[in-house]
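The values are calculated or read from the model by the stated rules, or taken from the named source; none is laboratory data. Since this is a predicted model, take the numbers as computed values, not measurements. FYI the Cβ positions are ideal-geometry reconstructions off the backbone, even for glycines, and counts take in every protein chain you see. Heads up: the accessible areas ignore ligands, DNA and RNA and are worked out on the full protein's heavy atoms, side chains in. Shrake-Rupley method; radii C 1.70, N 1.55, O 1.52, S 1.80 Å.
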Amino acid sequence: MISFGFWNLLIVIVVALVLKNNWQLDDEKAAWKNSLFLKSLVIQRLIQFFRQPIVNFLVQAGVVLIVTRLLCYTGWLVYFLNQPNPPFWDFKWYYVASKLAHQHLSPFNVEIFNQSFCTLTKVCGFIPPFVYPPNIIPLIWFLDYFSINTAFTIWVVMHILGIALVLWGANILLESRSRAFRTICTISSALIYGLVYDLQVGNVAIFIAALILWMFIFARKHQDILAGVCLGLALCKPTLAALFVLYFLLKRRFSLVFVSLITVTSLVFLGLALTGNSLTQFMSDAARGFSLWLNDPSVSPYISISRLDLMVVGPRLLPNNPFFAKLLSNLLVLILLGWAGWYWYLQQSLTAWSKKIYLAEMVLISCLSIGINYSQETSSVMLVPAVVFLLNDLLYQIRHCTFSMKRMSVWLAGVCFLAVQTAVIHGWLIGSLAKRWNVKAGELPYIMKVTIFALPSYAILGITVSILALAISSLRQKQVMKLEPLSRVSN
């Protein structure tokens with residue numbers, strides 16, 4: 001029998017060979033030949049440091065080991081999830097909802113859902129209610145045709161395809177054709193915690209992220225019907241997709257919005273019909289279910305350690321002052337929205353209120369979607385476009401600009417904040433520390449709540465601010481570059 005260590009060694013060798021063959025800048029070197037950015041004294045010293053044999057080896061070894069670890073973990077996870085009686089986590093909610101819909105019963109009714117959940121999964125007690133909108137029912141309708149184990153296996157395969165679509169979309173948006181930057185983009189995107197964690201818990205966040213990413217790709221190509229359908233489907237989880245409807249309205253892409261609204265409305269009424277609901281009955285059940293859902297420890301802003309959004313910042317800092325806690329969180333949200341609005345105004349005024357879609361705008365809306373609304377670890381998959389933005393920004397600086405320590409500090413801050421949204425913080429640090437306390441009972445020490453366990457929320461704030469600062473700075477740089485040729489002509 002071949003040991004697991006042997007397979008690990010084999011994977012390390014394969015990963016090393018693949019990375020070596022794809023770690024090539026291709027024509028990028030020629031484009032950087034006269035780069036003022038790379039000629040900076042700071043960058044030259046940095047390049048010399050990384051060219052030292054020992055440093056070069058350590059960097060390469062580190063990248064190979066990280067990729068190997070990720071592949072082994074993902075492979076183990078897929079194998080583990082397809083064993084008898086796997087931990088279904090979030091998938092259970094979708095499966096039970098599908099079962100009830102096939103019986104023409106409403107999963108939005110708390111009592112019906114709770115009883116069926118206990119019967120089908122053997123997990124009883126206080127079960128958080130099904131708080132998704134009815135437009136998700138047609139999308140999960142197929143699950144009831146299979147046993148729960150088979151349905152989950154299909155769900156896992158769908159998640160793997162969703163991950164592939166997200167990574168493919170990220171590579172399409174990358175403004176470099178070199179194999180090295182594509183490899184960096186793929187690895188960096190795959191390290192975002194929500195990408196693999198969503199596979200682990202069986203949430204729908206990966207599908208929403210894939211739909212949003214491809215909606216953006218289609219919208220840039222003016223394929224508004226396809227983009228509208230993607231957005232309409234993504235609205236089955238409105239906390240992650242609803243802001244994009246407002247964005248496209250402001251962009252005057254009315255055909256895209258119209259298609260998305262037709263899609264989501266059709267799915268809503270179909271979902272209501274399948275579950276034997278009227279709109280008024282659904283609203284009544286949803287309101288009651290939502291109030292009960294708020295009492296779940298994983299949702300409470302005072303107790304939950306899995307939430308990423310900024311609405312938990314105030315309650316963690318001021319747990320004994322609910323009014324000021326809510327005020328602080330709302331103030332952070334308003335400042336971010338105001339700053340994002342200011343960037344959008346500057347962008348539009350420079351482009352004569354164009355209908356063109358820009359990556360920075362899409363990234364900001366993705367960040368705001370998980371920052372100002374309820375979001376958990378799976379939602380961090382929405383940060384994949386932020387990885388692409390930071391790489392594109394670095395490419396632009398190398399090709400067209402001189403080195404700026406101030407701007408590079410902001411860029412590095414953005415990279416560090418993104419690094420917080422990886423398994424290093426969520427899984428290894430927060431996950432391991434949380435086992436020492438009864439989190440659901442709210443027994444976490446105050447200092448832990450506002451420091452280590454609040455890191456993901458602070459990181460969302462930091463990423464959004466970093467991208468806003470870089471996006472506004474890029475607008476000024478491009479404006480200066482446009483004016484320079486004109487001034488030369490006039491002289």
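Quick notes
- For region 453-460, the count of residues that are open to solvent by 10 Å² or more (accessible area, probe 1.4 Å) and under 23 Å from the mean Cα position of the chain (by Cα) is at least one.
- Within the set Ile467, Ile472, the sole residue that is within 25 Å of Thr351 (Cα to Cα), touching a helix residue (DSSP H, G or I) at 6+ places or on another chain (Cβ under 9 Å), at pLDDT 95 or above and among the aliphatic types (A, V, I, L, M) turns out to be Ile467.
- Of all the residues in region 312-364, those that are among the hydrophobic types (A, V, I, L, M, F, W, C), assigned to a helix (DSSP H, G or I) and open to solvent by 50 Å² or more (accessible area, probe 1.4 Å) number 13.
- Total residues in region 204-226 satisfying the condition of being over 12 Å from the mean Cα position of the chain (by Cα), assigned to a helix (DSSP H, G or I) and surrounded by fewer than 24 Cβ atoms within 10 Å (Cβ to Cβ): the figure is 7.
- Taken together, the residues in region 139-150 that are outside any loop (DSSP other than H, G, I, E, B) and more than 24 Å from Glu111 (Cβ to Cβ) amount to 5.
- Scanning region 175-203 for residues that are outside any helix (DSSP H, G or I) and either in contact with a strand residue (DSSP E or B) (Cβ under 9 Å, 6 or more places away or on another chain) or within 17 Å of Thr74 (Cβ to Cβ) (or both) yields a total of 4.
- Helices (runs of 4 or more DSSP H) lying entirely in region 39-103 (those with 1 or more residues that are farther than 30 Å from Ala273 by Cα and modelled with pLDDT under 90): 41-51, 53-81
- Selection from region 21-38 of residues that are open to solvent by 50 Å² or more (accessible area, probe 1.4 Å) and either farther than 17 Å from Arg177 by Cα or part of a loop (DSSP other than H, G, I, E, B) (or both): Trp23, Gln24, Asp26, Asp27, Lys33, Asn34, Leu36
- Count of region 119-138 residues which are closer than 21 Å to Leu294 by Cβ and in a helix (DSSP H, G or I): 2
- Gln115 vs. criteria more than 26 Å from the chain's Cα centre (by Cα), closer than 21 Å to Gln281 by Cα and not small (Gly, Ala, Ser): yes
- From the options Val415, Val410, Val424, Val384, residue that is within 25 Å of Val196 (Cβ to Cβ), in contact (Cβ under 8 Å) with a residue 60 or more places away in the chain and in a helix (DSSP H, G or I): Val384
- Test: residue in region 448-461 that is touching a residue at least 12 places away in the same chain (Cβ under 8 Å), more than 30 Å from Ile184 (Cα to Cα), part of a helix (DSSP H, G or I) and out of contact with any Cys (no Cβ under 6 Å at 6 or more places or on another chain): yes
- Some residue of region 281-289 being of a type in the set (D, E, K, R) and over 30 Å from Tyr193 (Cβ atoms): yes
- Residue within region 53-75 that is aromatic (Phe, Trp, Tyr), farther than 30 Å from Leu139 by Cβ and open to solvent by 50 Å² or more (accessible area, probe 1.4 Å) present: yes
- Restricting region 365-377 to residues that are open to solvent by less than 10 Å² (accessible area, probe 1.4 Å) and assigned to a helix (DSSP H, G or I) leaves a set whose member that is nearest to His222 (Cα to Cα) is Ser366.
- Residue in region 428-442 that is open to solvent by 10 Å² or more (accessible area, probe 1.4 Å), at pLDDT 90 or above and among the aliphatic types (A, V, I, L, M) present: no
- Residues of region 88-103 that turn out to be within 23 Å of the chain's Cα centre (by Cα) and open to solvent by 10 Å² or more (accessible area, probe 1.4 Å), as a count: 5
Let's see how each residue does on (1) of a type in the set (A, V, I, L, M, F, W, C); (2) under 25 Å from Val196 (Cα atoms):
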| position | (1), (2) |
| --- | --- |
| Leu100 | yes, no |
| His104 | no, no |
| Leu120 | yes, no |
| Asn135 | no, no |
| Val156 | yes, yes |
